[in-house]
Amino acid sequence: ITQCFMDALCGNYLKEVSWEGKKISVVGDSISTGSYPGLLGQMTGATIQNLAKSGARVAGATSGANTLVSHVSGVAEDADLVVVFGGTNDHGHGDAPIGQATDRTPDTFIGACHSLYAALKEKFSCPIVVLTPLHREVETREDGIELKDYVNLIKAIAPQYSLPVLDLYETSAICPET
């Protein structure tokens, strides 16, 4: 994932900028608690602030849900890049409905995406990059909602906030079979 991340992130932005001594903040779920943030730091020379938490979701219908928007306040104000990687838990075990295109409440996935991206844009002038979920073992829930639905929503909403999207669902070779 890290080489794919490095190659695709903001076009060639990471390659064209010296990241030595700069700070990359990561907001995400358990996938981001793994090795890629550390490898990203090693490859770039940047300091990594990892705010990822296992089980984190974009939307939080359940009171006290661990949501990505609740992590924004912890992101360092001097971040040089913010990476947002979430959505798989919303599909896998989230209890928030997808919602409607006009939603702006954090209690639906669509509304929570808007809340998250707006909060990030309001707080930061540095680049913010959104990553789509990777493939997962079960991609169609019992109610018929597919992981691809969440991916497509992220790809549709993030650009409304001028946020580039790295579509790992389509471009990553990481899947349950590999």
Revision key, fill the gap. Given (1) in contact with a helix residue (DSSP H, G or I) (Cβ under 9 Å, 6 or more places away or on another chain); (2) closer than 24 Å to Ala156 by Cα; (3) surrounded by 15 or more Cβ atoms within 10 Å (Cβ to Cβ); (4) among the hydrophobic types (A, V, I, L, M, F, W, C), Leu39 misses just (2)
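Each row is one residue, and each column tells you yes or no for (1) surrounded by fewer than 19 Cβ atoms within 10 Å (Cβ to Cβ); (2) without any contact (Cβ under 8 Å) to a residue 12 or more places away in the chain; (3) under 24 Å from Ile48 (Cβ atoms).
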residue	(1), (2), (3)
Gly92	yes, no, no
Ala101	yes, yes, no
Glu137	yes, no, no
Thr140	yes, yes, no
Asp143	yes, yes, no
Lys148	yes, no, no
Tyr161	yes, no, yes
Practice item. Looking only at the range 63-70, decide whether some residue is more than 23 Å from Pro37 (Cβ to Cβ) and of a type outside the set (Val, Ile, Thr). Key: yes
Check your understanding: Quick one: which of Asp107, Asp80 is under 30 Å from Glu20 (Cβ atoms) and either without any contact (Cβ under 8 Å) to a residue 60 or more places away in the chain or open to solvent by 10 Å² or more (accessible area, probe 1.4 Å) (or both)?
Key -> Asp80
Practice item. Run down Ser73, Ser125 and say which single residue is out of contact with any strand residue (DSSP E or B) (no Cβ under 8 Å at 6 or more places or on another chain) and in a helix (DSSP H, G or I). Key: Ser73
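The values are calculated or read from the model by the stated rules, or taken from the named source; none is laboratory data. Remember, it's a predicted structure, so these values are computed and weren't measured experimentally. Here Cβ is always computed from backbone atoms with ideal geometry, including for glycine, and neighbour counts include all displayed protein chains. Heads up: the accessible areas ignore ligands, DNA and RNA and are worked out on the full protein's heavy atoms, side chains in. Shrake-Rupley method; radii C 1.70, N 1.55, O 1.52, S 1.80 Å.
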